[in-house]
Amino acid sequence: MAIKMVQKRLFGTNGVRGIAGKEMTPELTLKIGKALGTMRPGKIAVGRDTRTSGPVLINALKAGLLATGCDVVDCGILPTPALQYIVKEHYEGGAMITASHNPPEYNGVKIIEPDGTEMGDEETICLEELLFDKSAPFKQWDEVGTEVNALHLVDEYIHAITKQFPEKPGKGMTVVVDPGSGPACHTTPAILQALGCKVLTINGVMDGTFPGRMPEPSPEGLKGLAALVLANNAAFGVAHDGDADRSVFVDDKGFFVEENQEFALFVQHVCQNERGAIVTPVSTSFLIEMIAKKAGCTVRYTQVGSIYVARTMRELIETGNKVIFGGEGNGGLIFPDHQFCRDGGMTAATMVSLLARSKRSLSSLISELPQRRMIKEKIKTPYGSQLIEQLNQKYARESLDHTDGLKIKKERTWALIRASGTEPLVRIMVDADDCKTGLALFEEIETSVSEILKKMSNR
Ligand code: MG
């Protein structure tokens, strides 16, 4: 019997996303609410980021949930990790209206499971089936759900972080926060103030038009943050993406800290106290393995996507393994004693503690990390999976890893080739000790790719 591959039709690794009013319509959001309410009956917490389309979509989502009999707890505007924490502590599920780092015209929905993690692949496929199922009826007047506002619950999230730093490590430290006009305007400055820091902000007023910078915290968008850090002799600047599950940093000299280096610094910090596994996707720099191994820790690799990191961390812990940290090379870090999801506020707070303990400046800590080079390239082609299969044969004698796409591993250099699940393109990444070694491997892979694609298009 042939096994039918069931694939997600709407949701990606981080929920559904699209242009508001075009792909991400109130009709679709209502259907998502109805499907979630059918799948997870009970009390569902909802929240949103600051996007202008947020009120439209959250009301549609709530209508769908209420119509299936779910009781809705509206937590208002808050970071995704704050809603994840609230769901984990109190509710049967949650849904966040956000498009994370995407431009202002986008919006989307992230579904949160009762344990606070984002919904996994199997459950999402079930949710999608319910979404396309027209037979699920709406409840009658005496069975529809109730709605309450719970804007105060975000304070529990702030407290959950600050209570982990009772020694107030930020005393005497000036820091600058750039929440990017997003939901962390009300959380990260408060968290860092509670840690004893003197906090300055830029783009610190919530605004869904994002007047200061785009929701992706890119080096170009953080020039204002860097200038403020320098002008105030701040210890660091921290910036979030549009839903504040990621944190990126500017050091005391105003330089952007590359995200793999950021991750490495946190690994170094966590490994000072504990030994165990660090979990990260195959796309993360070898730098993490170098730092972890030096400290007597191990690295476990997963598919690309924070949900896979979070789930693997939890599974390893449940099967008796010691897992001390997890994260991605994009500023998304997971602190397992706090919760199993990326958390921008917790990352900012831990940076304060890291610097206080080291008694060093961020720029000097970064300068001591081994230097690595990463090269990234996208190639447009509809033959992604066939291309990877051919490369697999070509490089059969090398050390290969098939966790996600194809990873060709040399001693201290690797190349990762992955086909996009949503677009006709292939992503190539190379990570090496230096530019020359990296470019040599990159050019070799690129030549192989163009030869294979040429043969395919001539068929
Ligand atoms: Mg995000």
> Ignoring any ligand, DNA or RNA, what whole percent of the accessible area of segment 237-347 comes from carbon and sulfur when the probe is 1.4 angstrom?
Replying inline: 47
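Where Lys and Arg each count +1 and Asp and Glu each count -1, what net charge lies around THR381 among other residues with Cβ under 15 Å from its Cβ? Working shown, then result.
Numbers: positive: LYS378, LYS380, ARG418, ARG427, LYS454, LYS455, ARG459; negative: GLU377, GLU389, GLU423, GLU446, GLU451.
That works out to +2.
Quick test of the membrane-span-like rule: which DSSP H helices of the chain reach at least 30 Å along their long axis (C-alpha atoms) with mean Kyte hydropathy at least -1.0? Spell out each step's value before the answer.
Numbers: long enough: 435-458 (34 Å, 0.01).
Qualifying helices: 435-458.
Grab the beta carbon distance between LYS380 and PHE132, set R0 = 25 Å, and tell me the FRET efficiency rounded to 0.05.
Numbers: r = 30 Å, r/R0 = 1.20.
Once the sixth-power term is evaluated, E becomes 0.25.
If I compute solvent accessible area with a 1.4 Å probe over the protein chains, what percent of it on segment 16-153 is carbon and sulfur?
Details: 2910 of 5450 Å².
C and S atoms contribute 53 percent here.
Using Cα pairs closer than 8 Å and at least 6 residues apart in sequence, work out the relative contact order for the chain, in percent. Intermediate values should be presented prior to the final figure.
Values: 1000 pairs, mean separation 54.4, N = 459.
Result for the chain is 12 percent.
Taking all protein chains in place and a 1.4 Å probe, what share, in percent, of the accessible surface of segment 373-457 do carbon and sulfur account for?
Details: 2320 of 4900 Å².
Answer for segment 373-457: carbon and sulfur cover 47 percent of the accessible area.
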> Taking the Cα centre of the chain as the origin and placing charges on Cβ (Lys, Arg +1; Asp, Glu -1), which of GLY93, PHE266, ILE428 is farthest toward the positive end of the dipole?
Replying inline: ILE428
> In angstroms, what radius of gyration and Dmax does segment 323-426 have, counting Cα atoms only?
Replying inline: 18.6, 52
>> Expected output is a single nm value to one decimal: the length gained when fully extending between GLU274 and ASN458, i.e. 0.36 nm times separation in residues minus the C-alpha distance. What is it?
In response: 60.7 nm
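Beta carbons within 10 angstrom, averaged per residue: use that to sort the peptides 184-195, 378-389, highest first.
Details: 184-195: 24.2, 378-389: 15.4.
Per-residue mean Cβ counts within 10 Å order the peptides as 184-195, 378-389.
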>> Let me check something: with ligands and nucleic acids excluded, how do HIS338, HIS159 order by accessible area (1.4 Å probe), largest to smallest?
In response: HIS159, HIS338
> What is the projected area of the convex hull of the Cα atoms of segment 165-367, averaged over all directions, in nm²?
Replying inline: 10.5
> What net charge is computed for the residues neighbouring GLY196, neighbours being all others with C-beta under 12 Å from the C-beta of GLY196, Lys and Arg scored +1, Asp and Glu -1?
Replying inline: +2
>> How large is the Kirkwood hydrodynamic radius of segment 16-153, counting all unique pairs of alpha carbons, in Å?
In response: 14.5
>> Given the C-alpha atoms of the chain, compute the convex hull and give its volume per residue in Å³.
In response: 163
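Which value, in Å², gives the accessible area per residue of the chain when a 1.4 Å probe is used on the protein heavy atoms? Write out the running numbers ahead of the final one.
Values: 20010 Å² over 459 residues.
The answer is 44 Å² per residue.
The values are calculated or read from the model by the stated rules, or taken from the named source; none is laboratory data. Values in this document were obtained by computation on a predicted structure and should not be read as measured data. Note that we place each Cβ from the backbone using ideal geometry, even for glycine, and neighbour counts take in every protein chain shown. Just the protein is used for accessible areas: all its heavy atoms, side chains included, with ligands, DNA and RNA removed. Shrake-Rupley method; radii C 1.70, N 1.55, O 1.52, S 1.80 Å.
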